[in-house]
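The values are calculated or read from the model by the stated rules, or taken from the named source; none is laboratory data. On a predicted model such as this, the values are computed, not experimentally measured, just so you know. Cβ placement follows ideal geometry from the backbone for every residue including glycine, while neighbour counts extend to all protein chains displayed. For accessibility, only protein heavy atoms count, side chains too; no ligands or nucleic acids. Shrake-Rupley method; radii C 1.70, N 1.55, O 1.52, S 1.80 Å.
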Amino acid sequence: MERREFLTWMGIGSLAASLPVVLAACQSETVEETADPAAETAAETGDTAAAAGDSEVVGTLAELDGDGFILNESASIGPVLVVAQPDNPTALEAVNPTCTHAGCTVDWDGEATEMICACHGSRFATNGDVLQGPAMDALERYTVSLDGDNVVVSPA
């Protein structure tokens, strides 16, 4: 067998061996995108509450008063950070604490009354608006309410 023929067969064999991997990768993306047909149907009909999930208790007023914030990373609607407005402590704000720049979780700085991303220094107001970059987009907001002593959050 000549060198050229050997290299040709090796190239064809490499392509043939990688084909199942490529097909499997395409298949898993397709399955993942359509994994929740109910949410897909709700999104198509404009029912955003059903698509994103119902309201959920993420903590209590006692936690909020004690720590100054509530961070619930396991909420069904996604991670939630609840804080009180500095100028009106009875007005609550709820945001997704995932930084819009690099995906790190922002931390609440009670003294500065802002959220700070430890990864790249982005700063956010209590309502999620960007105060300082490099983040360009505000944090995702949630609707927050009280049910007795429970803090309840739902998609905005």
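Taken together, the residues in the stretch 137-147 that are part of a loop (DSSP other than H, G, I, E, B) and open to solvent by 60 Å² or more (accessible area, probe 1.4 Å) amount to 2.
The residue of the stretch 80-97 that is nearest to residue 125 (Cα to Cα), among those that are surrounded by fewer than 18 Cβ atoms within 10 Å (Cβ to Cβ) and out of contact with any Ser or Thr (no Cβ under 6 Å at 6 or more places or on another chain), is 87. Can you find even one residue in the stretch 97-117 that is under 18 Å from residue 152 (Cα atoms) and either free of Cβ contacts under 8 Å to residues at least 60 places away in the same chain or aromatic (Phe, Trp, Tyr) (or both)? Yes: the stretch 97-117 contains one or more residues that are under 18 Å from residue 152 (Cα atoms) and either free of Cβ contacts under 8 Å to residues at least 60 places away in the same chain or aromatic (Phe, Trp, Tyr) (or both).
Here residue 134 clears all of (1) modelled with pLDDT of 85 or more; (2) outside any strand (DSSP E or B); (3) in contact with a strand residue (DSSP E or B) (Cβ under 9 Å, 6 or more places away or on another chain) except the condition numbered (3). The set of residues in the stretch 86-111 being hydrophobic (A, V, I, L, M, F, W, C) and more than 17 Å from residue 71 (Cβ to Cβ) consists of 91, 102. Set side by side, the residues 130, 144, 151 differ, and just one is in contact with a helix residue (DSSP H, G or I) (Cβ under 9 Å, 6 or more places away or on another chain) and among the β-branched types (Val, Ile, Thr), which is 151.
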